[in-house]
Each structure stands twice: as C-alpha cells, then as structure tokens.
Amino acid sequence: MKKIMVMMLTLMMTLSLAACGSDGSKADSGSDSKSESSDGSDMAYVKDKGTLVVGITDFEPMDFKDESGEWVGFDADMAKAFAESLGVEAEFVEIDWDNKIMELEGKTIDCVWNGMTLTDEVTSSMECSNAYCNNAQVVIVPSDKADKYQDTDSLSELSFAVEAGSAGEAEVSKLNLECTPVKAQSDALMEVAAGTSDAAVIDSLMAAAMVGEGTGYENLTYTVGLNSEEYGVGFRKGSDLAASLNDFFASSYADGSMAECAEKYGVQAALIEQK
C-alpha cells in the first residue's frame, strides 16, 4: 500500500512540474515575440505602447507647467503635435539632466526634447534630429552689479551655479571658473537670487523669458555671451524616430505651424529653417 501511495505522489509531482514548465515556456515565448516586434524599430515600440515618453526639465519657454499643471512651451507643444502625427500620446517625465543618456538607454524615456544643445557628447551618444533652434550660453548676475561683468576676464572671481551635465557647465569648466552644479537651470537662477551664488550660466532663450523687467527675476539680468549653439532632439542610438521627426519639422516649418508655435512662446527669432 505504501509503495502504491509513493508511486502516485511521484506521478502527481511529475505532472505538476511538467505543467509549470509548459506555462513558463508559453509566457517566455510571448515575451520574446513582443520584444522582437518592439526592439527592431523605435517607431514600432512607441506605437505599440501608445505613448512617446519625453524627457524634460522645467525650462521656460521650452517646457514648463501652466496654471493648470499641464506641460506647455515651444518644445512641449511641438512634441505633442509630433506624437499626434504618430497616432500616440506625448507623456512628459522630468529627468535629472545629468542622467539623460542613461534614461534613454534604459527606456524610461523615448527622447530628450528640452532645448538640448547638440554637443559632441550628445551627438555621439544619441540619434539626434536636425537642429531646429539657435541658442547661446549667457551669464546671469544681479542687475545692480551688471556693469562690473561685461567680458570673460571680469568673471574670474565669481562663483557660478550651473545645471549639472549642461552646456552651461561645460562653458564654465572651459574658463576654469568656480561652479556648483544644481539640478536644473531654474535652480541656478534661484541660487543667484538668493545670493548663495554670484552668478549663473543658462540658455539665452530661458534668460530672455525668465530674467529682467516683467519676470519673476526682475533684479537679475544677463551680460556676457559665452558661445553660440543649436538645439536638437535626441533619441536612442539608431532610432528611426529621428528621421521621422526631421520630416515632421520640415512639414511644420513649411506650413507655418512651427513659426506660429515659436511666436506664441517668444522664440521665433531663434528658429532654424527646416528643409
């Protein structure tokens, strides 16, 4: 009797293990199938999940929240329009700018669309769109001290706040100036306003929107321009979405919708013609 019970228990365990193995095999097969349909093309991946996840920081006039808490701005509005052209929705995720490449490669975001300067680091690590906007890095100081800081030689004794991983940080480093990295360009402005840093280096488009008369930083102004640069959008290396965005930019420029959006946010003078 004991032998019969042992044999029955052994048979039941064997059948149970076989069933588990069968279910796992089916699950793995399904997962591999989905992976194949997604990994071959970023376009297919984005359309399959129904969202284009856009990595941004709070950067007026490119990406910022309106009174209702919705992300708006020149870049945000153009990203929404591009996502709509793909038949998906744009989803905005605030990222640590210093980790933007890691965020892309980890697929926590699908693109970086946030007034991103096309530096050598960016173009070598991402599949980038054509340049669509001109920009420069500018020095921000208190208005009552602006006359003292009108050239790069006058900046040597200042302490700077800069966004970590930004073009502004790169320019300050080139000049061997003292700097404190912060999370966002808006934080750099706060540092200067609070007096914890003497100056900041931020994008000229942001400076035009956020400092000076009629802004939240009326007592700050921009003085020295440190460089000239161009903005682009970054996708994962090899992504087919970059070429699709280039086509979208060209058609939006041709039909006037890109210029209309730029005028709305005060960046029309910085637009680069798309062909």
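The values are calculated or read from the model by the stated rules, or taken from the named source; none is laboratory data. Quick caveat, the model's predicted, so the values are computed rather than measured. Because the Cβ atoms are built from the backbone with ideal geometry, glycine has one as well, and the counts that use them run over all protein chains shown. Quick note on the areas: whole protein, heavy atoms, side chains included, nothing else; ligands and nucleic acids left out. Shrake-Rupley method; radii C 1.70, N 1.55, O 1.52, S 1.80 Å.
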Inset, instruction - Please work out if residue 213 is under 27 Å from residue 106 (Cβ atoms) and of a type in the set (Asp, Glu). - result: no
Inset, instruction - Answer yes if at least one residue in the stretch 169-178 is within 18 Å of residue 73 (Cβ to Cβ), of a type in the set (Asp, Glu) and either open to solvent by less than 60 Å² (accessible area, probe 1.4 Å) or at pLDDT 95 or above (or both), and no otherwise. - result: no
Legend entry - Residue selected from the stretch 74-111 under the condition of a type in the set (A, V, I, L, M) and under 22 Å from residue 264 (Cβ atoms), by the criterion surrounded by the fewest Cβ atoms within 10 Å (Cβ to Cβ): 81
Inset, instruction - Quickly run through the stretch 43-59 and pick out the residues that are under 21 Å from residue 246 (Cβ atoms) and open to solvent by less than 20 Å² (accessible area, probe 1.4 Å). - result: 46, 52, 53, 54, 55, 56
Legend entry - Positions within the stretch 98-155 being modelled with pLDDT under 95 and part of a loop (DSSP other than H, G, I, E, B), in sequence order: 119
Legend entry - Single residue of 195, 214 found to be surrounded by fewer than 20 Cβ atoms within 10 Å (Cβ to Cβ), of a type outside the set (S, T, N, Q) and closer than 28 Å to residue 272 by Cα: 214
Inset, instruction - Hey, can you tell me all the residues within the stretch 112-141 that are open to solvent by 10 Å² or more (accessible area, probe 1.4 Å), among the aliphatic types (A, V, I, L, M) and within 14 Å of the chain's Cα centre (by Cα)? - result: 118
Legend entry - Cβ pairs under 9 Å, 6+ apart, first in the stretch 251-275 and closer than 15 Å to residue 79 by Cα, second part of a loop (DSSP other than H, G, I, E, B) and open to solvent by 80 Å² or more (accessible area, probe 1.4 Å): 253/273; 253/275
Inset, instruction - Output the residues belonging to the stretch 264-275 that are assigned to a helix (DSSP H, G or I) and surrounded by 14 or more Cβ atoms within 10 Å (Cβ to Cβ). - result: 264, 268, 270
Inset, instruction - Give 231, 253 a once-over and let me know the one that is of a type in the set (Ser, Thr, Tyr), at pLDDT 95 or above and under 20 Å from residue 111 (Cα atoms). - result: 231
Inset, instruction - Kindly establish whether residue 119 is touching a Leu at 6+ places or on another chain (Cβ under 7 Å) and closer than 21 Å to residue 200 by Cα. - result: no
Legend entry - Residues (in contact (Cβ under 8 Å) with a residue 24 or more places away in the chain, in a helix (DSSP H, G or I) and of a type outside the set (D, E, K, R)) located in the stretch 161-186: 167, 168, 170, 172, 185, 186
Legend entry - Count of residues meeting criterion [over 19 Å from residue 121 (Cβ atoms), surrounded by fewer than 24 Cβ atoms within 10 Å (Cβ to Cβ) and not aromatic (Phe, Trp, Tyr)] in the stretch 142-168: 17
Legend entry - Members of the stretch 71-88 that are in a helix (DSSP H, G or I), more than 16 Å from residue 115 (Cβ to Cβ), without any contact (Cβ under 8 Å) to a residue 60 or more places away in the chain and among the hydrophobic types (A, V, I, L, M, F, W, C): 83
